[in-house]
Amino acid sequence: MPEDCRPTENVQTLTDGELTVLVAEHPPFVSMSGNELTGIEGELIKDIAADLCLELNATSTSFSAVIEGLQSGRADLSAGNWTVNDERRKLFEVSHGIYTSGMGIVTRDKNWSSVEQLEGKPLGTPQGYLWVEQLNDVYGADNVRQYQTDTAVLDDVNAGRIEAGIVSLAANTWRLQQDQYSALTMAEMKPTEQIPYTQEPPTSVALIAKGNTALEKATNASIKDYYESGELGKALKKAGLDPDTAYPDED
């Protein structure tokens, strides 16, 4: 960092002079290219580090390891299509919203969009999403196969091993642009009281180590700058996502 760098906020981090970040590979939101972060939220993380005059120390790991690492004090922050519920708000400091993303139903040209259309069908969804228990309650855990990644869900829909996949609308709008998924279509799940996750668009946030409210404040300022500069909307559009979903709230 330049010697004359002036941080936007005085923060304490896990290691002096560094911002320690854990991310799970999740394009187009965050990816690691060598030691370089890329993607919509990869750029945001780099902005946060630069705004705070900190060197960025980023490591890619699994989704569950990100949560465990933040809880156990092995990282300062994570971002990459994270949504929150009351439990996560107790475990972490949570930033303002970055963008919204609904719940998508992927099929081979069936265009299903309602909870009723999925009844009695073999379904799949990625592990770790906040809607998994809600799907189990509606369809039965034996009918909802859990996968380690979104791509594994899409691959099994593509191969006909399951009839529908329930996935992140934002993340898989990008994936379905890839040639190998040209036979698949995705529709947003219609709001239903049976699945509370659908009641309002979930908001992607950054997760910050509990108690580090100064870093939360700085992260919110960086998100606001990312939005107001127009760069967040451009990044969403470049990934094939709706730029109007950017910066939806300040809750």
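Computed with the Debye formula from one identical point scatterer per Cα of region 1-136, without solvent, the log10 of I(q)/I(0) at q = 0.13, 0.22 Å⁻¹ comes to -0.66, -1.45.
Taking every alpha-carbon pair under 8 Å whose residues sit at least 6 apart, the chain reaches a relative contact order of 27 percent.
Kirkwood radius for region 80-194, taken over all pairs of different Cα atoms as the inverse mean of 1/r, rounds to 14.6 Å.
The Cα center of region 165-230 and the Cα center of region 34-82 differ in position by 16 Å. Across all Cα atoms of region 210-251, the radius of gyration (one decimal) and Dmax (whole number) stand at 12.0, 36 Å.
Taking all protein chains together and rolling a 1.4 Å probe, T59 ends up with roughly 60 Å² accessible.
Only loop residues by DSSP count here, and only those with at most 12 other Cβ atoms within 10 Å; note down the GluC sites (Glu not before Pro) in region 55-121 that meet that. Qualifying residues, ordered by number: E119. Give me the log10 of I(q) over I(0) for region 83-130 at q = 0.22, 0.24, 0.29 Å⁻¹, as the Debye formula computes it from C-alpha points; what are the numbers? Each listed q maps to, in turn, -0.93, -1.00, -1.23.
Could you list the square roots of 5 times each eigenvalue of the Cα gyration tensor of the chain, that is, the equivalent ellipsoid semi-axes, sorted largest first and rounded to whole Å?
Details: eigenvalues 222, 66, 53 Å².
With the √(5λ) rule applied to the chain, the semi-axes are 33, 18, 16 Å.
Per residue, the chain exposes 48 Å² of accessible surface when a 1.4 Å probe is rolled over the protein heavy atoms with every protein chain present.
If you take the C-alpha gyration tensor of region 122-251, multiply each eigenvalue by 5 and take the square root, what semi-axes do you get, largest first, in whole Å? Value: 30, 20, 13 Å, ordered largest first. For the chain, the carbon plus sulfur part of the accessible surface works out to 43%, probe radius 1.4 Å. For V205, the solvent-accessible surface computed with a 1.4 Å probe is close to 10 Å², ligands and nucleic acids excluded.
The values are calculated or read from the model by the stated rules, or taken from the named source; none is laboratory data. Here the structure is a predicted model, which is why all the values come from computation and not from measurement. All Cβ positions, glycine included, derive from the backbone under ideal geometry; neighbour counts span all protein chains shown. Surface areas here come from the heavy atoms of the whole protein model, side chains and all, with no ligands, DNA or RNA. Shrake-Rupley method; radii C 1.70, N 1.55, O 1.52, S 1.80 Å.
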